[in-house]
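Asks: This is the structure, below, for whatever I ask next.
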Amino acid sequence: MTRNQDSINRRVFLKTGISGMAGISLLNQLPGSPRLAPEETKAKFIFRTLGKTGIKLPIVSMGVMNADNPNLVKAALDAGMVMLDTAHGYQRGRNEEMLGQVIKDRSRDSYIIATKVVGTPMDRQTGLFTAETKGEALLEKFDISLQRLGLDHVDIFYLHNITKRDAALFEPLLNALVKAKKLGKTRFIGLSTHQNEPEVIDAAIESKLYDVVLTAYNFRQDHHLEVKKAIARAAQAGLGVVAMKTQAGVYWDKEKQFPINMKAALKWVLHDPNVHTAIPGFTAFDQMAEDLSVMENLEFTEQEKADLVPPATKLSGLYCQQCRQCLPQCPANLPIPDLMRAHMYARAYKNYGESQDLIRSLQLSTSPCGSCSTCSVRCTKNIDIRRGIHEIAAIGRIDPTLFA
Amino acid sequence: MMRNQIFLFFIGMAWIFYGVQGASDQNEMGGFFPEFSGFQKSDAVSWYFPESLYEYINGAAENYLNYEFQQLGVQNYRNGKSQTLTVEIYRHSNSRNGFGIYSSEKPLLGEYLPVGSQGYQEEGVLNFFYGQYYVKMSGYDVDVADQKRFPEIANKIAEKIGGQPGIPRETTIFPDEGKTRNSERFILNNLFGHPFLKSGFVADYSFEGSKFRAFLVCGKDQADSDRMLQSWLEMAVSPVKTENLEAPVVFQDKYNGLVMLFRLDNRLVGTVNAPEKLALELLKNLKDNLQRK
């Protein structure tokens, strides 16, 4: 299942909102008014402690990056999410401004906020800072972030996008982070890393100054075992560990045919107890509902386990498996497995000649499903049989010399 | 055997065609980086595509990919004082998405300029969009005198890009009175957090201390907009009268507040979170504007 499919009865959630989950009414409450998740709902959530910061967080937090709707952030906080993750550069600052509007009416202890600033200039080839990279510039940007957020301090201030040990330990920026902490502009400091994560995480441990690491971590990373080990070392050293890029993209394939099961991907990350919270991004209420469901239940369903299977196997599984269980269901006695095989030749292998040969050998009418207004056949692999037949039947009418 | 050879031939032709087209696109965009006095190109153009955009802008890439990003060219220029001006030209799938990505990043308050379709300048930065292209110029260490030349340089780039300037026609239906200047945006997915609404145009309004949004959603046809409306009404916290969809339909969206809208042909037009009286007035103006255009 994916973001596009129901998993925790999305419709029910959307219709009833948080009240539906908790069994209370929100009908008299308007958006923007303070609505906190009731204690019985919060009690169901899984909490972990963010390392030495001591902050207890639900295992799912909100990556706000692409959200532009303040009501979505409000709903996430109301539903029980606590940490909001943004950055100086997201939407060129609009993201922080939007968050500032959301949190201005809330008590400061009701949410945790993290922002990130990139140290510049950085040599893109080497991932290292240069002699021109100054801590003052980092702090100037950070001050702008505080201003946008309308806060005198954030909870976590990350040095953003570090890919090398030497960059993580670059003294002018590290000193600037420590200075911000001493000045009370941030409670904790951290770094974020999207690449070469194990080396960067180890550098964060080595520094003995960072409190939190924010790292890319997902089941599709080639080096996820190395990241896992580095995360374990960080947790052992007392660092808080926040995972990002948990959902590993949206689709398995470039053609966007096969969506990734976001919920399964998020659970996979959170099954690692050394990950204290994850920050999946979401821009829709139903996506939020999905993530909320993970906050209280990390158990994989059988389907979710299956959905984490690598793409090659998965792709073949989504085509007809020739189980022939459809045959007795079709009132027109169509040779569905053969039709689906022809469909696979054309769609998956682009072998139109083979596909046409097969279709023509079946000697079907040009509209095989013509006598049925709806299709009563149910495929065990959930293949849309009627659509497949409709798509492939036309190939029989094409001049075969085009494929000869 | 013969068939396989022909199949391979077609595959080869397709590969060559797309390869050539890709190279041609790249060459075309390469011509968008002009020479101008006082600055020299300091390196070759770097190219990024959907699969490599993360290498250049990391997590921010998601927003660009959402707006159907296709290609980025980055050219650095240096002036005599070794100060660097970086010009990034992002190509998106169409002008609507060019506007979409630009509008997702533009500031509400800023010094707006008539460069390309629209642009703005801030300290060390000049950004503008021109049809499907989003151009970002940055030179944080460039001294003030050279920063003052950014509009002139931007115009040279716009000239190279060519084509028709102009912001999407849909944004012109939002009446000016009470509208926050330059607040118009195009949102490609999950408008108001609802996937069924897909994409739409929005503008911010501020009236008598109330802040709210006006929106325009275009369905493929009337049936499509009816389906979207029906899905939205399923979110309403109480029953809604829908006898006449051209009269305002009023309902409370659980998350977004009071929605007042009408359906005109394939379009849903309305306000979110506006006081009823103000909303009625704005809806009337929106309808007039729609019928005029």
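The values are calculated or read from the model by the stated rules, or taken from the named source; none is laboratory data. Computed from a predicted structure; not experimentally measured. Backbone-built Cβ (ideal geometry, glycine too); neighbour counts: all protein chains shown. Ligands, DNA and RNA are stripped out before the accessible areas are found, and what is left, the full protein with its side chains, is counted by its heavy atoms. Shrake-Rupley method; radii C 1.70, N 1.55, O 1.52, S 1.80 Å.
Asks: How about the range B:92-182: which trypsin sites (Lys or Arg not before Pro) there lie in a loop by DSSP and see at most 12 other Cβ atoms within 10 Å?
Replies: Those satisfying the criteria are B:Lys148, B:Arg181.
Asks: Give me the Debye-computed log₁₀ of I(q)/I(0) at q = 0.08, 0.09, 0.12 Å⁻¹ for the protein assembly as shown, equal point scatterers on Cα only, no solvent, two decimals.
Replies: Ignoring solvent entirely, the Cα scatterers give -0.72, -0.92, -1.50.
Asks: If you don't mind, another one. Of all GluC sites (Glu not before Pro) in the range B:36-104, which ones are in loop regions per DSSP and have a Cβ with at most 14 other Cβ atoms within 10 Å?
Replies: Here the GluC sites (Glu not before Pro) that fit, given the DSSP loop and packing criteria, are B:Glu51.
Asks: How much accessible area does A:Arg165 have with a 1.4 Å probe, in Å² rounded to the nearest 10?
Replies: 90
Asks: Which FRET efficiency value, to the nearest 0.05, is calculated for A:Gln303 and A:Lys256 with the Förster distance at 25 angstrom and r the Cβ-Cβ distance?
Replies: FRET efficiency, A:Gln303 to A:Lys256: 0.75.
Asks: Order the peptides A:198-211, A:84-97 from the highest to the lowest mean number of other Cβ atoms within 10 Å of their residues.
Replies: Per-residue mean Cβ counts within 10 Å order the peptides as A:84-97, A:198-211.
Asks: Using only DSSP helix segments of four residues or longer, with each worth -39500 (n - 2.57), what per-residue ellipticity at 222 nm results for chain B after dividing by its residue count and rounding to 500?
Replies: When only DSSP H runs of four or more count, the value is -10000 deg cm²/dmol.
Asks: Something else: Consider just the alpha-carbon atoms of the range B:85-185 and return their Rg together with their Dmax, both in angstrom.
Replies: Over the range B:85-185's Cα set, Rg and Dmax evaluate to 13.4, 40 Å.
Asks: For A:Gln101 and A:Arg347, compute 0.36 nm times the residue count separating them, minus their Cα-Cα distance, and round to one decimal in nm.
Replies: Gain on stretching A:Gln101 to A:Arg347: 83.7 nm.
Asks: Given bins 5 angstrom wide, list per bin the percent of all Cα-Cα distances in the range B:117-255, short to long.
Replies: Histogramming the range B:117-255 at 5 Å steps yields 2, 8, 13, 14, 16, 14, 10, 8, 6, 5, 3, 1, 0 percent.
Asks: Give me the 1.4 Å probe accessible area per residue for the range A:320-399, excluding ligands and nucleic acids, in Å².
Replies: Normalised by residue count, the accessible surface of the range A:320-399 is 59 Å².
Asks: Please report the accessible area of B:Glu184 (heavy atoms, 1.4 Å probe, ligands and nucleic acids excluded) in Å², nearest 10.
Replies: Approximately 20 Å² of B:Glu184 is accessible to the 1.4 Å probe.
Asks: Quick one: of A:Lys267/A:Lys305; B:Lys81/B:Lys148; B:Lys106/B:Lys179; A:Lys134/A:Lys179; A:Lys74/A:Lys263; A:Lys116/B:Lys81, which pairs are farther than 19 Å apart, Cα to Cα?
Replies: With Cα atoms farther than 19 Å apart: A:Lys74/A:Lys263; A:Lys116/B:Lys81.
Asks: Given a 1.4 Å probe and heavy atoms of the protein chains only, how would you sort A:Cys375, A:Cys323, largest accessible area at the top?
Replies: These residues rank, largest area first, as A:Cys323, A:Cys375.
Asks: Let me ask you something else. List the equivalent ellipsoid semi-axes of chain B in whole Å, largest first, each obtained as the square root of 5λ for an eigenvalue λ of the Cα gyration tensor.
Replies: 40, 28, 15
Asks: Among B:Asn266, B:Ser103, A:Ala67, whose Cα projects farthest towards the positive end of the dipole of the protein assembly as shown, with charges put on the beta-carbon of Lys, Arg (+1) and Asp, Glu (-1)?
Replies: B:Asn266
Asks: Scan the range B:229-293 for GluC sites (Glu not before Pro) in coil per DSSP, keeping those whose Cβ has at most 15 other Cβ atoms within 10 Å, and list them by number.
Replies: B:Glu234, B:Glu243, B:Glu246
Asks: Further, regarding this structure: Per residue, how much accessible surface does the range A:214-292 expose to a 1.4 Å probe? Answer in Å², no decimals.
Replies: I get 34 Å² per residue for the range A:214-292.
Asks: How much area per residue is accessible in the range B:183-293 when the probe is 1.4 Å and only protein heavy atoms are counted (Å²)?
Replies: Accessible area per residue: 42 Å².
Asks: With a 1.4 Å probe, what is the total accessible area buried between chains A and B, in Å² rounded to the nearest 100?
Replies: By this definition, chains A and B bury close to 3500 Å².
Asks: Which whole number gives the average, over all residues in B:54-67, of C-beta atoms from other chains lying within 10 Å of the residue C-beta?
Replies: 5
Asks: Roughly to the nearest percent, how much of the accessible area of the range B:77-186 is carbon and sulfur, given a 1.4 Å probe?
Replies: About 47 percent, which is the carbon plus sulfur part of the accessible surface.
Asks: When the accessible area of each residue in the range A:99-148 is compared between its chain alone and the complete protein assembly (1.4 Å probe; ligands, DNA and RNA ignored), which residues differ by at least 50 Å², being lower in the assembly?
Replies: Checking the loss per residue gives A:Arg124.
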